[in-house]
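Remarks on the structure that follows.
The values are calculated or read from the model by the stated rules, or taken from the named source; none is laboratory data. Keep in mind the model is a prediction, meaning the values are calculated, not measured. Glycine also receives a Cβ, built like all others from the backbone with ideal geometry; neighbour counts cover every protein chain displayed. Just the protein is used for accessible areas: all its heavy atoms, side chains included, with ligands, DNA and RNA removed. Shrake-Rupley method; radii C 1.70, N 1.55, O 1.52, S 1.80 Å.
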Amino acid sequence: MSSKEIPVERSSPSRGARVEKSVADGEREALGGARLFIARNLGGYLFLLPALFIFALFVWYPLVLGFILSFQSVDMINPAVWVGSTNYQKVFSDPLFGVAWRNTLTFTGYALLFGYVVPLGLALLINEMRHGKALFRLAFYLPVMLPPIVTAFLWLWLYNADFGLINALLHAVHLPGGLWLESQSTALPALVVVATWGAAGSTMLIYLAALQGVPASLYEAAELDGSNLWQRIWHITLPTIRPIMLLMLVLQIIATMQVFTEPFTITGGGPNNATMTVLILIYRYTFQDAEFGEASALGVILFLVLAVFALIYMRMTSRLMEAD
């Protein structure tokens, strides 16, 4: 029997050398591309470095430190002691926890009812004006230029039950005045009016800027089709600025759930905790009770709730982009 030789394919030295050379060339190209990228962007990164350092120092570091403190017992004198979830249990068992969240959510609901609709309506109204746009823009933006503490004291005088302007105007037309800040039923809506008056101007300008991006050709085509003003707003203006409206909705929810200045300076959380909000409760934990761990725990809870709204916004915007 004659044995047959099975041919075995062997890689020639020249082929192996070519493979090694191509790999080396690829590595050199990648390294060269990386060096070119660094050389082109090094200056920009160096300019960004101070801003990134400040952002990390004043934003990320407090976030991480607050999360750690929420699991510790801290009195700023003795070393911190790890207590686990005890701070969270104390916060959840506090009777003011539910009151603060109920008031905060109620304030947010009122603020969306008025503070979201009013700036949009003002922007649409000014955008339709033929004359005096600059004057009305300035007039509605002036309250934003006032410091929040000045706004608070101004409205304290307006709401004063004895010599306030609001009650004086009501008495002038033979209507009874009100205890606007002393009554539990009117204190929180009164603060919503203050917050809306002070912040509506900036939101209105954002809507006005968005309205400038609506193509005029769409309005012209709608007018030729016989559409009236309301139909043009409903079918052209609002769908076009829908991404901005969605963004402002989420930003307004996040901002109003962190309300602090108005209830702190005007009512102090009263009367009878009717305007107690989450941030005021955090303030009391920190500066009145020196319960830094509980304050951090409540801050973490608020952060997680606001993060949920941010995730909802990101999800909704991604769907809108897919639909477009």
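If I ask for residues that are farther than 18 Å from THR237 by Cβ and either touching a helix residue (DSSP H, G or I) at 6+ places or on another chain (Cβ under 6 Å) or open to solvent by less than 90 Å² (accessible area, probe 1.4 Å) (or both), which ones from segment 104-125 would you list?
Scanning segment 104-125 gives THR104, THR106, PHE107, THR108, GLY109, TYR110, ALA111, LEU112, PHE114, GLY115.
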* Is it fair to say LEU251 is free of Cβ contacts under 8 Å to residues at least 12 places away in the same chain, assigned to a helix (DSSP H, G or I), over 19 Å from LEU125 (Cβ atoms) and open to solvent by 50 Å² or more (accessible area, probe 1.4 Å)? -> yes
* Structure fact -> Log entry, pairs with first residue in segment 279-306 being free of Cβ contacts under 8 Å to residues at least 12 places away in the same chain, second being crowded, with 23+ Cβ neighbours inside 10 Å and small (Gly, Ala, Ser), beta carbons closer than 7 Å, six or more apart or on different chains, reads THR286/ALA295
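Tell me yes or no: at least one residue of segment 81-91 is under 17 Å from GLY299 (Cβ atoms), surrounded by 11 or more Cβ atoms within 10 Å (Cβ to Cβ) and in contact with a strand residue (DSSP E or B) (Cβ under 6 Å, 6 or more places away or on another chain).
Yes, the conditions are met somewhere in segment 81-91.
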* Structure fact -> Every listed condition ((1) within 21 Å of GLY109 (Cβ to Cβ); (2) modelled with pLDDT under 90) holds for LEU188 save (2)
* Structure fact -> Filtering segment 254-270 down to residues that are open to solvent by 30 Å² or more (accessible area, probe 1.4 Å) and within 18 Å of the chain's Cα centre (by Cα) yields ILE254, ALA255, GLN258, PHE260, THR261, GLU262
* Asked: When residues of segment 94-103 are filtered for being farther than 15 Å from TYR285 by Cβ and surrounded by 21 or more Cβ atoms within 10 Å (Cβ to Cβ), how many remain?
  -> 1
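Only residues that are in a loop (DSSP other than H, G, I, E, B) and surrounded by 15 or more Cβ atoms within 10 Å (Cβ to Cβ): list them for segment 214-248, please.
The first filter runs over segment 214-248 and keeps only residues in a loop (DSSP other than H, G, I, E, B), leaving 214-215, 225-228, 241.
Listed by number, the residues that qualify are VAL214, SER227, ILE241.
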* Asked: Does segment 271-285 contain any residue that is part of a helix (DSSP H, G or I) and open to solvent by 80 Å² or more (accessible area, probe 1.4 Å)?
  -> no
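Which residues, counting only those in segment 291-324, are over 24 Å from TYR110 (Cβ atoms), at pLDDT 85 or above and among the small types (Gly, Ala, Ser)?
Within segment 291-324, GLY293, ALA295, SER296, ALA297 meet the criteria.
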* Asked: Just wondering, is there one or more residues in segment 108-126 that are small (Gly, Ala, Ser), modelled with pLDDT of 90 or more, within 20 Å of the chain's Cα centre (by Cα) and under 21 Å from ALA274 (Cα atoms)?
  -> yes
* **Any pair with Cβ under 8 angstrom, 6 or more apart, that starts in segment 188-205 at a residue that is more than 15 Å from MET257 (Cβ to Cβ) and ends at one that is among the basic types (Lys, Arg)** => MET204/ARG137; LEU205/ARG137
